[in-house]
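The values are calculated or read from the model by the stated rules, or taken from the named source; none is laboratory data. Quantities reported herein were computed from a predicted structural model and do not represent experimental measurements. Reconstructed Cβ throughout: ideal geometry from the backbone, glycine too, with neighbour counts over all protein chains shown. Side chains are part of the model used for accessible areas, which takes the heavy atoms of the whole protein and leaves out ligands, DNA and RNA. Shrake-Rupley method; radii C 1.70, N 1.55, O 1.52, S 1.80 Å.
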Amino acid sequence: MDATPHQSFGADWRNPAPAGVYDLLVIGAGPAGLRAARGAAALGARVALIERDRMGGVSLNVGSVPSKSLLRTARLYAEMRDAEDYGGRIVDGVAIDFAAVMARMRDVRARLGDSASVDRLAGAGIDVFFGHARFAGRDTVEVEGVVLRFRKALIATGSRSQTPKVHGLAEAGYLTNETVFDLTERPSRLLVMGGGPLGCELAQAFCRLGSRVIIAQDEPTFLPKEERDAAQILSDSLARDGIEVHLNTKVAAVRTQGGTKIVDLVSDDNLAQVSVDQILVGIGRSPNVEGMGLEVAGVRYDPVAGVEIDDFLRTSNRRIYAAGDVCLEHQFAHTADATARIVVLNALGARRERLSALTIPWCTYTDPEIAHVGLYVRDAWRLSIPVETYVVLMHDVDRAVIDGEDEGFVKIHVRAGTDRVLGATIVARHAGEMISEISLAIRLGLGMRDLNLVIHAYPTQASAVKTAANAYMRGHPPLWLRLSRRLRLLRRARR
Ligand SMILES: Cc1cc2nc3c(=O)[nH]c(=O)nc-3n(C[C@H](O)[C@H](O)[C@H](O)COP(=O)(O)OP(=O)(O)OC[C@H]3O[C@@H](n4cnc5c(N)ncnc54)[C@H](O)[C@@H]3O)c2cc1C
């Protein structure tokens with residue numbers, strides 16, 4: 001392991017002297033905290049930002065950035081593996097250099113971390129403090145023995161990996177997202193616990209980087225929130241990569257023998273035993289709410305759901321707001337960013353921006369990617385909204401065929417009787433890029449008629465969206481077309 005805690009601050013870091021009462025005091029320098037601190041400073045506010053570990057939070061250090069960096073290299077290896085499908089030939093096989101893969105990941109992280117550096121933030125007029133922040137009262141926070149006063153504060157303390165209760169696991173040792181990116185040696189055999197986005201992405205990455213990977217998910221599908229057909233494509237894809245897939249399976253117990261971890265996997269009808277070198281846990285996230293004096297500040301919270309907020313992101317203490325993973329159901333870097341933006345506007349700009357007004361897409365960056373925005377059909381049913389669905393299979397999309405990436409679909413849900421787009425799921429190599437067009441349509445209240453008017457460059461995979469809109473138009477021709485068709489039929493009948 002190559003851990004680098006507190007690297008943002010350096011050994012001889014000294015916190016600044018507090019500068020009177022802060023207009024906005026931000027706890028946590030992840031995507032939410034950074035966005036809020038920068039946004040508030042740009043408005044001319046006096047801002048304090050407190051971080052106890054690394055600037056950039058989970059996303060930069062142990063989340064989105066390192067995981068997507070590994071996935072990129074993993075895709076390269078998968079393409080080299082499949083070179084013959086494209087008319088290429090790899091002579092003498094492909095050698096995987098794990099140390100070089102991790103070194104690239106660290107370079108990417110350093111490059112993207114530059115904008116979150118303490119120097120850059122201090123240069124923007126933000127007072128940056130290192131240490132664990134704890135509320136000392138309703139308008140004060142204590143850090144490293146110093147008390148800071150605020151008019152408004154933001155809790156952006158994020159989340160951490162949940163700890164599973166499995167007999168023997170703690171003694172055997174396991175990896176989480178906080179430690180897996182510090183590995184210096186590739187595990188030969190890896191068990192991934194959990195089939196959510198984190199588990200699926202890292203299972204695929206490590207498999208393609210040469211580990212023998214087993215994944216255990218205690219539900220009948222991966223990504224249980226996604227549509228069944230999308231989850232099935234992912235399941236097939238993981239199995240095709242060579243991952244040993246165990247669905248409906250619990251990790252029951254772990255013990256060590258020599259350097260090996262022996263794991264009991266239990267499903268309805270089977271007890272299996274697997275031997276691995278490492279276990280990676282990705283079963284969910286817990287909000288960072290403990291040890292912060294939230295009770296003293298009058299901020300209500302739940303240890304599982306996090307800080308309680310209203311639609312304006314205010315907590316039960318009207319001076320204090322929350323944003324990001326610590327209070328949200330949708331735990332993504334972009335929702336952390338979007339909610340922090342709302343906090344700056346509401347806390348400092350006297351605006352009344354609402355959380356419920358956000359259109360939030362998300363994507364699991366496996367191969368193929370699975371992206372979603374808006375309503376699922378099940379949501380529409382629950383809300384008694386009638387829906388029509390338009391599906392285009394990627395194997396009918398020229399560019400997907402050209403690229404050999406023809407697995408997946410674009411599926412758009414429309415409010416029946418209108419052309420209004422309610423939601424979409426895209427399964428495609430670049431689904432994360434393609435979903436933005438649908439997010440824009442939902443955000444602006446656009447319909448399939450509008451999407452049908454968008455000219456897509458040929459050949460692109462995103463043109464599948466237009467093809468879906470075109471299918472809608474064929475079933476719902478405009479009035480002038482319907483009238484001219486009827487007129488033609490009448491004329492023909494008269495002849
Ligand atoms: C492996 C993995 C992959 C991911 N991939 C993606 C992805 O591809 N796309 C995406 O959108 N999201 C992804 N996410 C989720 C994303 O990382 C989080 O949603 C995002 O980081 C949340 O931002 P945040 O600012 O709310 O909190 P965090 O990033 O968790 O930052 C909170 C900060 O607060 C600090 N802190 C906590 N308590 C205190 C305290 N008392 N005093 C001082 N400081 C404190 C912490 O040290 C931390 O730095 C991924 C997550 C993981 C784990």
Task: Matching helices (runs of 4 or more DSSP H) fully within segment 159-220 where at least 3 residues are within 14 Å of the ligand (Cβ to nearest atom), in contact (Cβ under 8 Å) with a residue 12 or more places away in the chain and crowded, with 21+ Cβ neighbours inside 10 Å - done: 197-208
Task: Ile370 vs. criteria buried (at least 17 other Cβ atoms within 10 Å of the Cβ), in contact with a strand residue (DSSP E or B) (Cβ under 6 Å, 6 or more places away or on another chain), modelled with pLDDT of 95 or more and not in a loop (DSSP other than H, G, I, E, B) - done: yes
Task: helices (runs of 4 or more DSSP H) wholly inside segment 38-153 containing at least 1 residues that are of a type in the set (S, T, N, Q) - done: 57-62, 64-81
Open item on the list: Looking for something out of contact with any His (no Cβ under 8 Å at 6 or more places or on another chain), assigned to a helix (DSSP H, G or I), over 23 Å from Leu223 (Cβ atoms) and open to solvent by less than 30 Å² (accessible area, probe 1.4 Å) - is there at least one such residue anywhere in segment 477-487?
Closed with: no
- [ ] Give the residues of segment 310-363 that are part of a loop (DSSP other than H, G, I, E, B) and among the acidic types (Asp, Glu), sorted by residue number.
- [x] Asp310, Asp311, Glu329, Glu353
Open item on the list: Looking only at segment 272-287, how many residues end up being assigned to a strand (DSSP E or B), touching a residue at least 12 places away in the same chain (Cβ under 8 Å) and more than 27 Å from the chain's Cα centre (by Cα)?
Closed with: 4
TODO: Return yes when Ala11 is part of a loop (DSSP other than H, G, I, E, B) and free of Cβ contacts under 8 Å to residues at least 40 places away in the same chain and no when it is not.
DONE: yes
Open item on the list: Based on this model, can you work out whether Gln232 counts as farther than 27 Å from Phe98 by Cβ and either assigned to a helix (DSSP H, G or I) or open to solvent by less than 10 Å² (accessible area, probe 1.4 Å) (or both)?
Closed with: yes
Open item on the list: Going residue by residue through segment 288-305, is there one that turns out to be part of a strand (DSSP E or B) and open to solvent by less than 50 Å² (accessible area, probe 1.4 Å)?
Closed with: no
Task: Count of segment 60-76 residues which are open to solvent by 40 Å² or more (accessible area, probe 1.4 Å) and either of a type in the set (A, V, I, L, M) or within 20 Å of Asp114 (Cβ to Cβ) (or both) - done: 4
- [ ] Can you tell me which residue within segment 255-270, out of those that are part of a loop (DSSP other than H, G, I, E, B) and either in contact (Cβ under 8 Å) with a residue 12 or more places away in the chain or within 10 Å of Ala172 (Cα to Cα) (or both), is most open to solvent (accessible area, probe 1.4 Å)?
- [x] Asp268
TODO: Please specify each residue of segment 352-367 satisfying the condition of being in contact with a Gly (Cβ under 9 Å, 6 or more places away or on another chain) and buried (at least 20 other Cβ atoms within 10 Å of the Cβ).
DONE: Pro361, Cys363, Thr364, Tyr365
Open item on the list: Looking at Asp139 and the list (1) more than 30 Å from the chain's Cα centre (by Cα); (2) open to solvent by less than 10 Å² (accessible area, probe 1.4 Å), which single condition is not satisfied?
Closed with: (2)
- [ ] Would you mind telling me which numbered condition in (1) assigned to a helix (DSSP H, G or I); (2) over 27 Å from Ala78 (Cβ atoms) Val414 fails?
- [x] (1)
Open item on the list: For segment 306-336, which positions are more than 8 Å from the ligand (Cβ to nearest atom) and closer than 17 Å to Cys363 by Cβ?
Closed with: Glu329, His330
Task: Residues of segment 77-119 satisfying the condition of being open to solvent by 30 Å² or more (accessible area, probe 1.4 Å), within 16 Å of the ligand (Cβ to nearest atom) and of a type outside the set (A, V, I, L, M) - done: Arg106, Ser115, Ser117
Open item on the list: Anything in segment 149-182 that is charged (D, E, K, R) and either over 25 Å from the mean Cα position of the chain (by Cα) or modelled with pLDDT under 95 (or both)? List them, or say none.
Closed with: Arg149, Arg151, Lys152, Lys165, Glu171
TODO: Scan segment 376-396 for residues that are open to solvent by 80 Å² or more (accessible area, probe 1.4 Å), of a type outside the set (Ser, Thr, Tyr) and free of Cβ contacts under 8 Å to residues at least 24 places away in the same chain and report the count.
DONE: 5
Open item on the list: Restricting to segment 36-59, name every residue that is within 11 Å of the ligand (Cβ to nearest atom) and surrounded by fewer than 24 Cβ atoms within 10 Å (Cβ to Cβ).
Closed with: Arg52, Asp53, Arg54
TODO: Inspect segment 442-449 for any residue being open to solvent by 40 Å² or more (accessible area, probe 1.4 Å) and over 28 Å from the mean Cα position of the chain (by Cα) and give the result as yes or no.
DONE: yes
